[in-house]
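Q: Dropping the structure in here first, questions after.
The values are calculated or read from the model by the stated rules, or taken from the named source; none is laboratory data. Nothing here was measured: the structure is a model prediction, and the numbers come from that model. All Cβ positions, glycine included, derive from the backbone under ideal geometry; neighbour counts span all protein chains shown. Note: areas computed on protein heavy atoms with side chains; ligands, DNA, RNA excluded. Shrake-Rupley method; radii C 1.70, N 1.55, O 1.52, S 1.80 Å.
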Amino acid sequence: MATPYKYRHISGPWGLLVTLTGTSRTSDEPGPGVQMTDRIFLDIRDPNTTDDDRRKLARGLRYVAPAIGTVTGEGHVAVTVERCDYRLTDYQPEAAAVAIAGWAAEHFGFPTLPTEIHDRQTNRYDIALGEKPA
């Protein structure tokens, strides 16, 4: 069953809001989609995602891949993004990385990993996952 996750960050006069709906499947066989690590695959089915959205979703999933691997043990894990919804006026593709990382933490049951968001005073946010920019 697909589970939704809402990522929301508001700072000052604007914010980021992404609702990501996804599923996962663990199997002895490699999953569908693009291989993120030796065991984790990403399948994005939402036809409205842009290439930039897809790159950021992949970045976010790779960021949490070690935690997913620890929780799931052996086998291959296929993560499927059924929907990635956002308001065009409040969106930066980097928010997709944070949304999938939060979805995975909630879905797989591990603590949310550090994410830093900085207001650049340029009507955009700088988003970093751990030490690396999203």
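Q: Can you pull out every residue in the stretch 81-100 that is without any contact (Cβ under 8 Å) to a residue 60 or more places away in the chain, touching a Lys or Arg at 6+ places or on another chain (Cβ under 9 Å) and open to solvent by 10 Å² or more (accessible area, probe 1.4 Å)? Outline the logic, then answer.
A: First, pick out the residues of the stretch 81-100 that are without any contact (Cβ under 8 Å) to a residue 60 or more places away in the chain: 88-89, 93-94, 97.
Still in the list and also touching a Lys or Arg at 6+ places or on another chain (Cβ under 9 Å): 93-94, 97.
Once the filter is applied, which keeps residues that are without any contact (Cβ under 8 Å) to a residue 60 or more places away in the chain, touching a Lys or Arg at 6+ places or on another chain (Cβ under 9 Å) and open to solvent by 10 Å² or more (accessible area, probe 1.4 Å), the stretch 81-100 yields 93, 94.
Q: Which count do you get for residues in the stretch 1-53 that are among the polar types (S, T, N, Q) and open to solvent by 60 Å² or more (accessible area, probe 1.4 Å)? Walk me through how you get there before you give the answer.
A: Going residue by residue through the stretch 1-53, those that are among the polar types (S, T, N, Q) are 3, 11, 19, 21, 23-24, 26-27, 35, 37, 48-50.
Adding the requirement that they be open to solvent by 60 Å² or more (accessible area, probe 1.4 Å) leaves 26, 35, 48, 50.
Counting residues in the stretch 1-53 that are among the polar types (S, T, N, Q) and open to solvent by 60 Å² or more (accessible area, probe 1.4 Å) gives 4.
Q: All but one of (1) under 18 Å from residue 94 (Cα atoms); (2) in a strand (DSSP E or B); (3) not β-branched (Val, Ile, Thr) hold for residue 55; state the number of the condition that does not hold.
A: That leaves (2) as the condition not met.
Q: Sort out which residues of the stretch 63-74 are assigned to a helix (DSSP H, G or I) and surrounded by fewer than 19 Cβ atoms within 10 Å (Cβ to Cβ), and write them in order of number.
A: 66, 67, 69, 70, 71, 72, listed by residue number.
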